[in-house]
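These notes concern the structure reproduced below.
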Amino acid sequence: MDDALTAAPPPSPHTAVNRPLFSAVLAFAIAQFLKLFTTWYKEKKWDSRRLLGSGGMPSSHAATVVALAVAIGLEEGTGGSSFALAVILAAIVMYDASGIRLHAGRQAELLNQIVCELPPEHPVSNQRPLHELLGHTPLQVCAGAVLGCLVSFCMRSSA
């Protein structure tokens, strides 16, 4: 096999940073940070656990995968297999966040209510409550997707 085909080209100054990866990580961090403020606005209390928790506004899952897909599209074009893979990944993640995980959280909420109403002598009455904030509403997913687009476009224009 020819070494010229397997060797990676030397990095040029404008590609020293992996913009798609950096865009995705930055979008995730911004979304998680914003959850502090959206939680405060909704519940009128600061909850630092929102920095690492799932669920809430905006969806950091959507922000991450959309930022990745958009950054790949901007950097490599939309005709390549990397972009196709990123778009399919984004679609699956956003569907899961607003569908399956949202309903699992609602089921956990209902189960927690049922367990609270059990008499103290019942074997499951002392169980730890299930985590309820798992998924996202469609609005939270859309907000995360918009945030991901904005981050990727800003990263592109800052280069």
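Scanning the stretch 62-90 for residues that are among the aliphatic types (A, V, I, L, M), surrounded by fewer than 19 Cβ atoms within 10 Å (Cβ to Cβ) and over 12 Å from the mean Cα position of the chain (by Cα) yields 84, 85, 87, 88. All conditions in (1) of a type in the set (S, T, N, Q); (2) out of contact with any Phe, Trp or Tyr (no Cβ under 6 Å at 6 or more places or on another chain); (3) modelled with pLDDT of 85 or more hold for residue 54, with the sole exception of (3). Checked against the criteria, residue 84 counts as in a helix (DSSP H, G or I) and at pLDDT 95 or above. Quickly run through the stretch 87-104 and pick out the residues that are touching a residue at least 24 places away in the same chain (Cβ under 8 Å) and under 22 Å from residue 18 (Cβ atoms). Hits for the stretch 87-104 are 89, 90, 93.
The values are calculated or read from the model by the stated rules, or taken from the named source; none is laboratory data. It should be emphasised that the depicted structure is a prediction, and the values quoted were computed from it without experimental measurement. Note that we place each Cβ from the backbone using ideal geometry, even for glycine, and neighbour counts take in every protein chain shown.
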